[in-house]
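Peer 1: Sharing a structure with you now.
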Amino acid sequence: DFDLRDIDRLSRHVPQLCKVAPNIQKYHMEDVHRAGGIFSILGSLARGGLLHTDLPTVHSKTMAEGIAKWDITQTTDEAVHHFFKAGPAGIPTQTAFSQSTRWETLDDDRENGCIRSVEHAYSKDGGLAVLYGNIALDGCVVKTAGVDGSIHVFEGNAKIFESQDSAVRGILADEVKAGDIVIIRYEGPKGGPGMQEMLYPTSYLKSKGLGKACALLTDGRFSGGTS
């Protein structure tokens, strides 16, 4: 069986090697591609001893062979380098492959670049943590990668709302103050229903200057896209 405790164990063991907006404003998906994409992340994990590279995959006989071919820090294949130099043109288009803009260079900086080595990771643990307590007896997930380190430990008064809509009204009406913990209930699969993505509460908290002054807990679907 694979459950929340396994996710927590892996996240605490595997470092965070890549950060992309909204978790960091410096890098976006095109920067990940320029840095070598998923295979470069896999390459860093392999060099850190965190992958079973002898296992077979759908693209290569073994993961090691796939990384050797596609990791830009290992391969000398110019076609692979050319592939990862594909860049944004900065023009609106609805047609695939309608532009051929290329970066002049690749981002192979594993100390300070978009994708890092294990030794120079953004953080020594991963971007998720599973917590247990009297509020979440069966566990809850925190996307630590999207939470400012200054509020990883937070104490405050609970401000409880029974829906996302009521939370939004409360935030906009200044019912939420610095130091409060906003708790939004009944937005899960049964209560939602359908688990709508909850983007508004954090948007409005930040617009009120409370982005780092409040915590937010919910049983709903919360991606952190507005954080």
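Computed from the coordinates by the stated procedures, all read-outs in this text should not be read as laboratory data. All values reported here derive from a predicted model rather than from experimental measurement. Using ideal geometry, Cβ is built from the backbone for each residue, glycine included, and neighbour counts are taken over all protein chains shown.
Peer 1: Counting other Cβ atoms within 10 Å, keep those with at most 14, restrict to DSSP loop, and tell me which chymotrypsin sites (Phe, Trp or Tyr not before Pro) in the stretch 134-227 are left.
Peer 2: Passing sites in the stretch 134-227 are PHE154.
Peer 1: What fraction of the DSSP beta bridges in the chain is antiparallel, stated in percent and rounded to the nearest 5? Numbers along the way, then the final one.
Peer 2: On the way: 6 of 16 bridges.
In the chain, DSSP labels about 40 percent of beta bridges as antiparallel.
Peer 1: Can you list, bin by bin at 10 Å, the percent of alpha carbon pairs in the stretch 102-227, starting at 0?
Peer 2: Computed distribution, short to long bins: 11, 37, 29, 14, 8, 0.
Peer 1: Ok, one more. Report the FRET efficiency, 1/(1 + (r/R0)^6), for MET195 and CYS140, where r is their Cβ-Cβ distance and R0 is 22 Å, rounded to 0.05. Provide the component values of the computation, followed by the final result.
Peer 2: Values: r = 15 Å, r/R0 = 0.66.
Using R0 = 22 Å, I get an efficiency of 0.90.
Peer 1: Okay, moving on. To the nearest 0.05, what FRET efficiency results for ASP108 and LEU50 with a Förster distance of 22 Å applied to their C-beta separation?
Peer 2: Values: r = 20 Å, r/R0 = 0.90.
For ASP108 and LEU50, the calculated efficiency is 0.65.
Peer 1: Of the chain, which part is the longest with no trypsin sites (Lys or Arg not before Pro) in a loop (DSSP not H, G, I, E, B) and with at most 11 other C-beta atoms within 10 angstrom?
Peer 2: Working: sites that count: LYS26, LYS61, LYS124, LYS190.
The longest uninterrupted stretch comes out as 125-189.
Peer 1: Calculate the radius of gyration of the Cα atoms of the stretch 147-218 to one decimal place, then report Dmax, the largest Cα-Cα distance, as a whole number, both in Å.
Peer 2: Reported Rg and Dmax, both Å: 11.8, 34.
Peer 1: Are there chymotrypsin sites (Phe, Trp or Tyr not before Pro) in the stretch 1-45 that DSSP puts in a loop and that have at most 10 other Cβ atoms within 10 Å, and which ones?
Peer 2: Values: sites: PHE2, TYR27, PHE39; in loops: PHE2, TYR27.
Loop-located and lightly packed - PHE2.
Peer 1: Once the piece of chain linking ARG169 and THR76 is laid out straight, how much longer is it, given 0.36 nm per residue of separation minus the C-alpha distance between them?
Peer 2: Between ARG169 and THR76, full extension yields an extra 27.8 nm.
Peer 1: Using each residue's phi in the stretch 51-65, evaluate 6.51 cos²θ - 1.76 cosθ + 1.60 at θ = phi - 60° and report the 3J(HN,Hα) Karplus result to the nearest Hz, with x for Gly and Pro.
Peer 2: 10, 8, 6, 8, 7, x, 9, 6, 9, 8, 5, 9, 4, 4, 5
Peer 1: Give me the one-decimal nm value for the distance between modelled label points at VAL153 and THR95, 7 Å along each residue's Cα-to-Cβ direction.
Peer 2: In this crude label model, VAL153 to THR95 measures out at 5.9 nm.
Peer 1: Something else now. Please express the shape of the stretch 17-120 as an equivalent ellipsoid: the semi-axes are the square roots of 5 times the eigenvalues of the C-alpha gyration tensor, given largest first in whole angstrom. Before the final figure, lay out the partial values.
Peer 2: Values: eigenvalues 121, 61, 29 Å².
After diagonalising the Cα gyration tensor, the semi-axes are 25, 18, 12 Å.
Peer 1: Beyond a 30 Å Cα-Cα separation, which of these cross-linked pairs lie in this structure: LYS124/LYS208; LYS19/LYS208; LYS124/LYS190; LYS85/LYS212; LYS69/LYS143; LYS26/LYS159?
Peer 2: Numbers: LYS124/LYS208 32 Å; LYS19/LYS208 26 Å; LYS124/LYS190 36 Å; LYS85/LYS212 37 Å; LYS69/LYS143 32 Å; LYS26/LYS159 33 Å.
Checking Cα-Cα distances, LYS124/LYS208; LYS124/LYS190; LYS85/LYS212; LYS69/LYS143; LYS26/LYS159 exceed 30 Å.
Peer 1: Next question, about the same structure. Once you compute Rg and the Kirkwood Rh from C-alpha atoms, what is the Rg to Rh ratio for the chain?
Peer 2: The Rg/Rh ratio comes out at 1.03.
Peer 1: Could you tell me which of GLN99, ILE24, THR202 has its Cα farthest along the dipole of the chain towards the positive end, charges placed at Cβ (Lys, Arg +1; Asp, Glu -1), taken about the Cα centre?
Peer 2: Value: THR202.
Peer 1: Using the Karplus curve 6.51 cos²θ - 1.76 cosθ + 1.60 with θ = phi - 60°, what ³J(HN,Hα) values do you get for each residue of the stretch 175-180, in whole Hz, with x for Gly and Pro?
Peer 2: 6, 9, 10, 4, x, 7
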